[in-house]
Each structure stands twice: as C-alpha cells, then as structure tokens.
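Beneath this line is the structure, given in structure tokens, with notes to follow.
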Amino acid sequence: MSQYFDDLETRSQDARDAALAQDLPRILARALQAPGLAAHLGAVDPAAVTDRAALARLPVLRKSDLGHAQKSAAPFGGLTTKPAHAFAHIFQSPGPIYEPGEVSQDWWRMGRFLHAAGVGPGDIVQNCFGYHLTPAGMIFESGARAVGAAVLPAGTGQTELQVRAAVDIGTTVYSGTPDYLKVILDKADEMGERLSITRAAVGGGALFPSLRAEYADRGIQCLQCYATADLGNIAYESPAMEGMILDEGVIVEIVRPGTGDPVPEGEVGEVVVTTLNPDYPLVRFATGDLSAILPGASPCGRTNQRIKGWMGRADQTTKIKGMFVRPEQVAAFVAAHPEVARARVVATRAGEMDVMTVRIETPAEDGARYQAGVVEALKMKAVIELVPVGSLPNDGKVIEDLRKYD
C-alpha cells in the first residue's frame, strides 16, 4: 500500500495554483448550468475567476439559502446540474434539507481519508454510520470501496449484534462517531469477546483527547475527518495528527463571521467551501463552522493547507434587550470605521436587565465617537470599551453571551 492516495496530495504550491486557475473557471461554468446557482451568482464571467482573490468576490451561499431554494424548487432547489431522477440516491438531513448522492467512484472523496488512516485491501470496515435517510453511511461506504476494503453496513444501535458480527467476520476497522466505538468495545469486554479492530476512522462528533488515548491503549489508531452531507469530505487527519489536511477536491476559505471576507492565516473564522463536484458544484458554501488555517505543511508529506479542526459555530446570533444581534451587523460596524481592527459584542446582565457592551480594537481614545455607529449597525445603545489592537481573543467570536440562565 503506497503512502499517498495519489500524486495530488504532494503537489507543489505552484502546481496547486495552476490547477486552481483551470478548475475554478470550469466549475463556475458548470455551476451556472444550475438555475438556482446561476440566480445566486448573478452576472459572473467564469473565465475571470482564476484565483482565490477573484473567488472571494463572489457571494456566499448559506444553509438557509438551500432551504429557501428547495422550498421553491424541490427537491434540490435548482442547485444541481442534473435532475433528481438522474442521481442514484436522494438523502434527507434535518431541516429538512435534501442532498443528492452517487455511487460512482468516491463521489464524496472519502477514500483519501481512509487511505491516510491505513485502510485498504484486506480490511473489513464495520460502518456504524446511519444508512437511513441521511448520507453518512453511504459516504463512508463509498470511501471504503475506493480503497478496496470490504464493508459491513452495520448502521447504528444493536450493540450486542455489532460485537457478534465484529467477532465472527473479523472486523479490522471501525467507522462511525467517535464515542460509539467505546460502547462496542465495552460491550465486547462484557461479553468476554476480543475484537480485531486496529484502526478507527471517525467523524460527526468531537474526538476528545482522552477518548483517543483510551483507544490507543487498546491498540487502536483513531483518526478523524471533517465532512458534511452537502460537501462530502473537507479535511482529514493523517497519522501525523497535526491539524486536518484539506482535501484536494475542495477550495477552503476562512472568512470573518457575518461576511465573505477572508481573514489572515491563523485567525479563527467561518469555514467557506467551494466543491469541485460537477454534479453538485456548491460555490462559497458557508458551513457555519469555525476553524483556522495552520501555517506550514503536515510532517506526513501532504502539502495542502491544514485547518485546526472544528472550533465552534459561526452563527452567534443572540437576542439582547429583546432584539436579535447578528454577526453581519458587527461586521457592518467594523467596515464603517477603517481604524477599527475588530469588534466584539458581549451580552451580560445587571440585576434583571440585559447589558450590551461593544469592545472595539482601535488606536482611538474617545469611545463616544462610536456610539452613533453602534446604534446605526446594532439598533441599540451599548457600553463602549476601547481595547488595544490585537487584544481580543482569536476564537472567531464576534458576539459573546455571558448571561447565566440557570
């Protein structure tokens, strides 16, 4: 088994930029064939979008946009480049949101992650992701097929039967949520059975260091990926376990919450993804998740950018004094004041009253000068606190709710 899934993983940055210059116009031209995407993108010339700077000028597509589009043009909102009946599968996620699926070679690009996890021919993957309605089960099964492994489509629940099957068929790899493997292992101990699982490929939940360490103590290497039902695989761990390497089939931007503006490397922001899937070419799709780009390349030799992994949710909309305050309002305030680097709204309580404080990174010394701008953007007065540039936490938050509700 070769160390890398393909040559794309070890490309130089020049080669990756050259490929991007070809891929972006092609995928945008394809996206404009989907009526819903064409309406969203507006008058854009695909040939002019050949780098990240040009891509960043396009509008962001949000999950709420999918829901609205699908209500007016079921089931996919005109965002796919072929009709619903031409897909192999139609899935439903909470919302409900409908996603297409195919059985063609590694349609969700999960094979790259499983290969990095050491999965390949000779392995039997016990796939404990759900197969009903939602796509996670098929996403991981398609990845297992891409690397030549056999699959036990176990799904969720029935833990005693899961243990029995793992023992009887000699399962070597677990795929599923991070915590369910512990349930299976504990049940096996209770039943007096010994499993042959040596690797775990997980997603869909938090992999806590203590849980990973427990698996390691049992002789199981556990790696995680970051994937969504809409986009497939976005990023994944390699055995180096230093951040999550971006998949070669997506373009990832980290933007300031409430905007589509990319942030500097290392700053926490919202993950925005453009997928190069010609059937479902989502362009600048906002995941709602927070992360940050890590500097440098992975020690494993894969050269694509890395992200820190999931760092929370970007949608920090909060109701203060009976009114919603949204990240895009905070972004509008910052944009209106060039000398302001960043701002953060903090919600607290004084007695039985809400208090809104706006902390502003600026070299200015007079907080009163910002009150009118705060009222214009946030629609209410606030306590203004001026703080030094660079002093607000690098956690992606622009709205912080410190009120206690218990």
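Can you spot a residue in the range 126-136 that is in contact with a Phe, Trp or Tyr (Cβ under 8 Å, 6 or more places away or on another chain), open to solvent by 40 Å² or more (accessible area, probe 1.4 Å) and hydrophobic (A, V, I, L, M, F, W, C)? Break it down stepwise before answering.
We begin by selecting, within the range 126-136, every residue in contact with a Phe, Trp or Tyr (Cβ under 8 Å, 6 or more places away or on another chain); these are 126-129, 133-136.
Add one more test, that the residue is open to solvent by 40 Å² or more (accessible area, probe 1.4 Å), and what stays is 133-134.
Subset that is hydrophobic (A, V, I, L, M, F, W, C): 133.
Among the residues of the range 126-136, at least one is in contact with a Phe, Trp or Tyr (Cβ under 8 Å, 6 or more places away or on another chain), open to solvent by 40 Å² or more (accessible area, probe 1.4 Å) and hydrophobic (A, V, I, L, M, F, W, C), which makes the answer yes.
Scan the range 209-240 residue by residue and report those that are closer than 20 Å to residue 300 by Cβ and among the acidic types (Asp, Glu).
Within the range 209-240, 237 is the sole residue that qualifies.
Please tell me if residue 250 is open to solvent by 10 Å² or more (accessible area, probe 1.4 Å), out of contact with any Gly (no Cβ under 7 Å at 6 or more places or on another chain) and modelled with pLDDT of 95 or more.
Numbers: open to solvent by 10 Å² or more (accessible area, probe 1.4 Å): yes; out of contact with any Gly (no Cβ under 7 Å at 6 or more places or on another chain): yes; modelled with pLDDT of 95 or more: yes.
Against the criterion (open to solvent by 10 Å² or more (accessible area, probe 1.4 Å), out of contact with any Gly (no Cβ under 7 Å at 6 or more places or on another chain) and modelled with pLDDT of 95 or more), residue 250 qualifies.
Mind telling me which of the residues 195, 207 ends up being more than 14 Å from residue 124 (Cβ to Cβ), open to solvent by less than 60 Å² (accessible area, probe 1.4 Å), assigned to a loop (DSSP other than H, G, I, E, B) and not charged (D, E, K, R)?
On the way: 195 fails: more than 14 Å from residue 124 (Cβ to Cβ).
Being more than 14 Å from residue 124 (Cβ to Cβ), open to solvent by less than 60 Å² (accessible area, probe 1.4 Å), assigned to a loop (DSSP other than H, G, I, E, B) and not charged (D, E, K, R) holds for just one of 195, 207, which is 207.
Taking the condition closer than 18 Å to residue 256 by Cα, in contact with a Ser or Thr (Cβ under 9 Å, 6 or more places away or on another chain) and not hydroxyl-bearing (Ser, Thr, Tyr), does residue 347 pass? I'd like the intermediate steps shown before the answer.
Values: closer than 18 Å to residue 256 by Cα: no; in contact with a Ser or Thr (Cβ under 9 Å, 6 or more places away or on another chain): yes; not hydroxyl-bearing (Ser, Thr, Tyr): yes.
Against the criterion (closer than 18 Å to residue 256 by Cα, in contact with a Ser or Thr (Cβ under 9 Å, 6 or more places away or on another chain) and not hydroxyl-bearing (Ser, Thr, Tyr)), residue 347 does not qualify.
Going through the range 140-175 one residue at a time, which ones are at pLDDT below 95 and of a type outside the set (S, T, N, Q)?
The answer is 155, 157.
In the range 89-125, what count of residues is obtained for those that are loosely packed, with under 15 Cβ neighbours inside 10 Å and either touching a strand residue (DSSP E or B) at 6+ places or on another chain (Cβ under 6 Å) or aromatic (Phe, Trp, Tyr) (or both)?
Going through the range 89-125, the residues loosely packed, with under 15 Cβ neighbours inside 10 Å turn out to be 89, 94-96, 103-105, 121-122.
Still in the running and either touching a strand residue (DSSP E or B) at 6+ places or on another chain (Cβ under 6 Å) or aromatic (Phe, Trp, Tyr) (or both): 89.
Of the residues in the range 89-125, 1 are loosely packed, with under 15 Cβ neighbours inside 10 Å and either touching a strand residue (DSSP E or B) at 6+ places or on another chain (Cβ under 6 Å) or aromatic (Phe, Trp, Tyr) (or both).
Mind checking which pairs have a first residue in the range 101-127 that is within 9 Å of residue 139 (Cα to Cα) and a second that is β-branched (Val, Ile, Thr), Cβ under 7 Å, 6 or more apart or different chains?
108/139; 110/139
Can you tell me which residues in the range 12-65 are more than 30 Å from residue 297 (Cβ to Cβ) and either acidic (Asp, Glu) or not in a helix (DSSP H, G or I) (or both)?
Scanning the range 12-65 gives 32, 33, 34, 42, 43, 44, 45, 59, 62, 65.
Only strands (runs of 3 or more DSSP E) wholly contained in the range 310-351 count here; list those with 1 or more residues that are loosely packed, with under 14 Cβ neighbours inside 10 Å and more than 26 Å from the chain's Cα centre (by Cα).
323-325, 342-350
For the list (1) more than 28 Å from residue 259 (Cβ to Cβ); (2) open to solvent by 20 Å² or more (accessible area, probe 1.4 Å); (3) at pLDDT 95 or above; (4) out of contact with any Phe, Trp or Tyr (no Cβ under 9 Å at 6 or more places or on another chain), I need the number of the one condition that residue 83 fails.
It fails just one condition, (4).
Kindly provide the set of residues from the range 260-296 that are crowded, with 21+ Cβ neighbours inside 10 Å, among the small types (Gly, Ala, Ser) and part of a strand (DSSP E or B), ordered by number.
269, 286, 291
Identify the single condition in (1) in contact with a Leu (Cβ under 7 Å, 6 or more places away or on another chain); (2) more than 24 Å from residue 306 (Cα to Cα); (3) modelled with pLDDT of 95 or more that residue 27 does not satisfy, given that it satisfies every other one.
(2)
The values are calculated or read from the model by the stated rules, or taken from the named source; none is laboratory data. All values reported here derive from a predicted model rather than from experimental measurement. Virtual Cβ from ideal backbone geometry, glycine too; neighbours counted across all protein chains shown. Areas reflect the complete protein model, heavy atoms only, side chains present, ligands, DNA and RNA absent. Shrake-Rupley method; radii C 1.70, N 1.55, O 1.52, S 1.80 Å.
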